[in-house]
Amino acid sequence: MLQRCVLQRILHRFHSGGPEPPRSLLYGRPAALLCGHRAASPRRSSTGLPHVNEQTLIVVKPDGVQRRLVGQIIQRFEQRGFKLVGLKMLRVSEDLLSQHYCQLTSKPFYPSLLYYMTSAPVVVMVWEGHKVIQTSRTMVGHTNPAEAQAGTVRGDFSMHVSRNVVHASDSLEGAQREIQLWFQGNELLNWDCWDQTITCEE
Ligand code: IDP
Ligand code: MG
């Protein structure tokens, strides 16, 4: 009930063209975006909701960037309700990539994977939300696009395992390790989505 009242006040202010709602209206806290070093999970966001702030690493691989799929991939995570807390484009070094794929170094395809991933820019992101790691893996689909379900990123946009468009962390430990590998703490933004109480139960 209290949530409904708060939402009605916010919506009323939006529709009446008023100023943006301060966070104090929503959460009884100061209106500010907070920066700082963050662990992937578990931790509390500034909303105090511990269960919605799991984080995962998503990388749009070189084929995804070259095929201009970045926007469509971001859109899928946004429309699902997840919150973007980190985003950058870079040409990844062999050093970083070898750490990222440290479990695959003995695989026969590893040299070509390394070459391909370092051959052109990637877009790397950290997404946050309730069960984001598991949900992202489902959204991304099977490693081999030939086996990926239609409706998944790989099932919709790719056909070969060596060019499967996107990376998603596969576990909590993996996500924590990968986020720390790709991002400095101050590159992640701790901010509150005003729709958080609509997309997730407190
Ligand atoms: P994942 O990306 O679904 O987590 P992993 O087994 O961790 O799959 O493999 C990492 C990446 O290595 C894959 O996304 C894919 O780009 C590449 N890869 C995996 N298996 C093969 C293969 O058999 N041939 C070529 N590339 C592969
Ligand atoms: Mg993997």
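Read-outs: derived from the displayed coordinates by stated rules, not from any lab. Here the structure is a predicted model, which means the values were calculated and not measured. Positions of Cβ are backbone-derived with ideal geometry, glycine not excepted, and every protein chain shown enters the neighbour counts.
Brief remarks follow.
- Once the Cα gyration tensor of segment 143-194 is diagonalised, semi-axes √(5λ) in Å: 28, 15, 10
- In segment 82-159, trypsin sites (Lys or Arg not before Pro) in a DSSP loop with at most 14 other beta-carbon atoms within 10 Å: R91, K131
- 37 °C / 0.692 mPa s Stokes-Einstein diffusion coefficient of segment 49-202, Kirkwood radius on C-alpha pairs, µm²/s: 207 µm²/s
- Evaluated at q = 0.23 Å⁻¹, a Debye calculation over the C-alpha positions of segment 130-172 (equal weights, vacuum) places log10 I(q)/I(0) at -0.66.
- Placing unit charges on the Cβ atoms only, positive for Lys and Arg and negative for Asp and Glu, gives segment 103-174 a dipole magnitude near 120 debye about its Cα centre.
- When only alpha carbons are used to place a centre, segment 62-104 and segment 113-140 end up 5 Å from one another.
- A simple packing score, the average count of other Cβ atoms within 10 Å per residue, orders the peptides 101-107, 142-148, 123-129 as 123-129, 142-148, 101-107, with the highest score first.
- Segment 49-128: equivalent-ellipsoid semi-axes (sqrt of 5 x gyration tensor eigenvalues, Cα, Å): 25, 16, 10
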